[in-house]
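Just below is one structure, and these are the notes that go with it.
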Amino acid sequence: MAEHQGRASERNERWKAISSSLPITQNENGNGYFTILHGFRYDDFNRKGWMNLTSLSRTFDSTAIYRLPIFGDSNPSLGHFVAGMSYQITKELYKMANLNIKIALRLRLANFGKSSIVLYHILEDASSGKILASMFRTLVKVSMDTRRPEPLVPEERRHYEVLLSGSEELAAPRFRLPSVDRAECFSCELVVRNIELDSYHHVNYSMYLEYSTECAAQAAASGYYSKLKGDICAFCVKKASTSHLREARAGEKLTVITWEEPADPYVLYFIVVNKDTDIFHAMFEYYQPVEFSNL
C-alpha cells in the first residue's frame, strides 16, 4: 500500500514537471487551458501520408490534462482512468497537417457526473482559428486499491461547479456497440508488449486504437470488408468512439474482432477480448475515398 502510494506520488510529480515545460495559458473564465504546438512529427503520419488516429490522440494529450485540477492529483491512493473517447476529425486536418503548421490545442471541462468528469479538447489551425479536430475524454475517479469507481466528494463537486459556471455544459456522444454474431466476424490475435504499458502498468488507452487499426489492416488486406479493401492506411477516419471496459497487461494475448456496419460499410466496429472478457469496444467511421479526390 505505502509502496504503491509512493510510486503514484512520484508519477504525479513527473507528469507535473513534464506539463510545466509547455507554455500553457488558462482561459479567461478559468475552466480550461490552451497551448500552441509548432507542427507535427514524421511519425504522426502513416505510410500513405495521412495523419493517423493514434498520433492525433496523443497530440490532444499535449494540452497536459494534469494542468486542469483533476481528482487524484494530490491523493496517490486515487487515480483517473480513461473510460471512453469520442473523436471528430475534419477533412481540413488531413489536408493541412504538416511538419510546420502551427496548431492551437484547447482543453476545457465539459461536464461531470457521480464519479466522472468529461474533458473537451479542440485542435485548431492557430493562424485561422479553424477547428481541425475535437475529442471528448471521459475520466473516472478510481480507487487504486480496489480498482473501483469512487464518488466525487462535495469539495470536488463544488470545484467543478465553479469551473462550469458561465460555460455551456457539453455532452459527449453516446456509444453502444451493436450485437453481432462473432463467428461471422474477422479476428486476429495480438500479444501485449511491455512498451505498450502506461504508468499504471496496464495497456495505455491509445494503444487500443492501434490494436483496432491493425485488425482493420489485416481485414482490409484479406478482402473481408466490402468497401474498405487493400491498404487501410489509404482511408481516413472521420469519427471514432471508444469504450474502455477492463485492463490488459504485458504478455497477455488479446483477440481483436471487427466487422462493418451493414447499413454503412464505411463504419467499422471493434472488440478487444482478453481471457474471454470484452475489455474494449470501438467504432471507426471513415471518409469515402471520393471525398478526398481533390487532394
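The values are calculated or read from the model by the stated rules, or taken from the named source; none is laboratory data. Model, not experiment: these values are computed from the prediction. Neighbour counts run over all protein chains shown; Cβ positions are idealised from the backbone, glycine included. What goes into the accessible areas is simple: the full protein's heavy atoms, side chains included, and nothing from ligands, DNA or RNA. Shrake-Rupley method; radii C 1.70, N 1.55, O 1.52, S 1.80 Å.
For this structure, a couple of remarks:
- Total residues in region 174-204, condition farther than 29 Å from residue 80 by Cα and among the aromatic types (Phe, Trp, Tyr): 1
- Count of region 242-263 residues which are of a type in the set (S, T, N, Q) and either in contact with a Gly (Cβ under 7 Å, 6 or more places away or on another chain) or more than 30 Å from residue 194 (Cβ to Cβ) (or both): 2
- Scanning region 210-227 for residues that are assigned to a loop (DSSP other than H, G, I, E, B) and under 10 Å from residue 258 (Cα atoms) returns 224, 225.
- Taking first residues from region 219-232 that are without any contact (Cβ under 8 Å) to a residue 24 or more places away in the chain and closer than 14 Å to residue 287 by Cα and partners that are open to solvent by less than 70 Å² (accessible area, probe 1.4 Å) and of a type in the set (Ser, Thr, Tyr), the Cβ contacts under 8 Å between residues at least 6 apart in sequence or on separate chains come to 232/213.
- Residue satisfying all of: in region 141-157; open to solvent by less than 30 Å² (accessible area, probe 1.4 Å) and in a strand (DSSP E or B); nearest to residue 61 (Cα to Cα) among these: 141
- Close Cβ contacts (under 6 Å, 6 or more residues apart or on different chains) running from residues in region 158-172 that are open to solvent by 40 Å² or more (accessible area, probe 1.4 Å) to residues that are modelled with pLDDT under 85 and not small (Gly, Ala, Ser) comprise 166/29.
- Here residue 196 fulfils each of the conditions (1) acidic (Asp, Glu); (2) open to solvent by 30 Å² or more (accessible area, probe 1.4 Å); (3) touching a strand residue (DSSP E or B) at 6+ places or on another chain (Cβ under 9 Å); (4) under 30 Å from residue 285 (Cβ atoms) apart from (2).
- Flag if residue 244 is over 22 Å from residue 46 (Cα atoms), touching a Lys or Arg at 6+ places or on another chain (Cβ under 9 Å) and either surrounded by 17 or more Cβ atoms within 10 Å (Cβ to Cβ) or free of Cβ contacts under 8 Å to residues at least 40 places away in the same chain (or both): no
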